[in-house]
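Novice: Here it is, the structure, as structure tokens.
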Amino acid sequence: MIIHNFVFFLQDLCPALKQVDTVFNVASPPPASNNKELFYRVNFEGTKYIIKCFRTEQVKVRCSHFTVTS
């Protein structure tokens, strides 16, 4: 399943991390996009929010981040 234009909220994401031991962050804008602001928001800000949840919930998980830029 591919979900487009998905935005997660910290109050939803943080509690969910308590139930997992591995996170794969594969969110990415369309690789052909030339929108640098969108890449920044998705890749940098999105990863920052995930890390913030790890710290907020004091969760220790393995996290892999995959990103694509052209």
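Novice: Sum up the charges of everything whose Cβ sits under 11 Å from the Cβ of Ala27, counting Lys and Arg as +1 and Asp and Glu as -1, but leave Ala27 out. Write down the numbers at each step before the final one.
Specialist: Details: positive: Arg41; negative: Glu45.
Charge balance near Ala27 sits at 0.
Novice: Related question: Run the quick spin-label model on Ala16 and Lys52: label points 7 Å from Cα toward the beta carbon, then report their separation in nm to one decimal.
Specialist: If labels sit at Ala16 and Lys52, their model points lie 1.6 nm apart.
Novice: Near Cys14, within a Cβ-to-Cβ distance under 15 Å, what is the net charge of the other residues, with Lys and Arg +1 and Asp and Glu -1?
Specialist: Details: positive: Lys18, Lys48, Lys52, Arg55, Lys60; negative: Asp12, Glu57.
In short, +3.
Coordinate-derived values only; no laboratory data. Being a predicted model, the structure only gives us computed values, none of them experimental. Neighbour counts are summed over all protein chains in view; Cβ atoms, including those assigned to glycine, are modelled from backbone coordinates with ideal geometry.
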